[in-house]
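Everything on this sheet refers to the single structure shown next.
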Amino acid sequence: MDLTFEDVLAARELIAPQLPVSPLWHYPALDALVGATLYVKHENTQPVGAFKVRGGLTLLAGMTAEQRGRGLVTYSTGNHAQSVAYACAQVGAGCTVVMPESASAEKVRAVRALGAEVVLHGPDMESAQQRAEEWAAARDACLVSPGDTPELLAGVGTLYLELFTAQPDLDVVLVPVGSGTGAAAATVVAAVMAPRCRVIAVQSSASPAAHDSWRAGTCVRRPNRTVVDGLATGRGYEVPQRILRTGLADFRLVDDAQIGVAQRLMATHAHTLAEGAGATGLAAVLTDPETFAGAQVAVVCTGGNASAREFAALGSTD
């Protein structure tokens, strides 16, 4: 199997000494706005500002000294990059990250500050992936897929162990999707710890590859036009898609403008600076409040690494 509940438990043992439990809070102002009891899982408080650090630490903890010595190469628009760079820095492993030339300056700077080599290449993630594969092959380094690496899924699954331990009676949890690792892990953990809880994935309609892959039952490619970095992927990933097909209750799309509205509400009603992906679950609730009325709902603020553009947009009323 690609991921089991036992894998997630094992990941928790690996990373618990390094990461405290992230906060789970609810805010009366948000509750009143959406007509539900809304809990926010604050992964924006992680040391790299995003949930993916859980996966990076799990991956490096399970690697041999020989694998670490070869160095790691991966590709990312930002948060996965920081996760792998942070984990490599903890154990002294070399790290190279290929990022699209359009990657935000803030995230490029953050990855370099963690000691990783950044290679800017191409207009999109597909080009970055191809360059990363070439780079790893030429140097006999370990290539890490941001979506099809089971250890990453096991690591991010630990946030759902925390979530369902704190709130076992949730009706719904909404998970932002780029590659789909978080939503896939959520379904595995929910099946054991909260089988009546519906896991709903949410993606930008401007980059619907994971959504369309799930609907089609096979991985497909789609145009990747979202401005939301954490949701920007142009294809489905095999490992998370296989898991999502067995346990996901629903998959929804919201547009980038709706995500922007949710970001502003996270700031004004929940005192939280969320990057676009981190506000996507709330955007789905806001666009269909009738479905969630009166329910116990959790949304995952997957990250707080907002770009300068996002900071500026928070003050906009457009």
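Here are a few things to note about the model shown:
- Only listed residue being in a helix (DSSP H, G or I) and either touching a His at 6+ places or on another chain (Cβ under 6 Å) or without any contact (Cβ under 8 Å) to a residue 12 or more places away in the chain (or both), chosen from 257, 210: 257
- Test: residue in the range 16-34 that is part of a loop (DSSP other than H, G, I, E, B), surrounded by 19 or more Cβ atoms within 10 Å (Cβ to Cβ) and either modelled with pLDDT under 95 or touching an Asp or Glu at 6+ places or on another chain (Cβ under 9 Å) (or both): yes
- Only a single item in (1) buried (at least 23 other Cβ atoms within 10 Å of the Cβ); (2) part of a helix (DSSP H, G or I); (3) more than 17 Å from the chain's Cα centre (by Cα) is not met by residue 38, and it is number (2).
- When each of 128, 110, 137 is tested for being of a type in the set (A, V, I, L, M), without any contact (Cβ under 8 Å) to a residue 40 or more places away in the chain and either outside the structural domain of residue 292 (by TED's automatic domain parsing) or buried (at least 17 other Cβ atoms within 10 Å of the Cβ) (or both), the lone residue that passes is 137.
- Residues in the range 160-185 that are in a helix (DSSP H, G or I), crowded, with 23+ Cβ neighbours inside 10 Å and over 11 Å from the mean Cα position of the chain (by Cα): 160, 163.
- The range 68-79: number of residues that are buried (at least 24 other Cβ atoms within 10 Å of the Cβ), at pLDDT 95 or above and not hydroxyl-bearing (Ser, Thr, Tyr): 2
- Residue 298 meets the stated requirement of being buried (at least 19 other Cβ atoms within 10 Å of the Cβ), aliphatic (A, V, I, L, M), assigned by TED's automatic domain parsing to the domain that holds residue 169 and assigned to a strand (DSSP E or B).
The values are calculated or read from the model by the stated rules, or taken from the named source; none is laboratory data. What you are looking at is a predicted structure, and each value in this text was computed from that prediction instead of being measured. With ideal geometry, Cβ positions are generated from the backbone for all residues, glycine too; neighbour counts draw on all protein chains shown.
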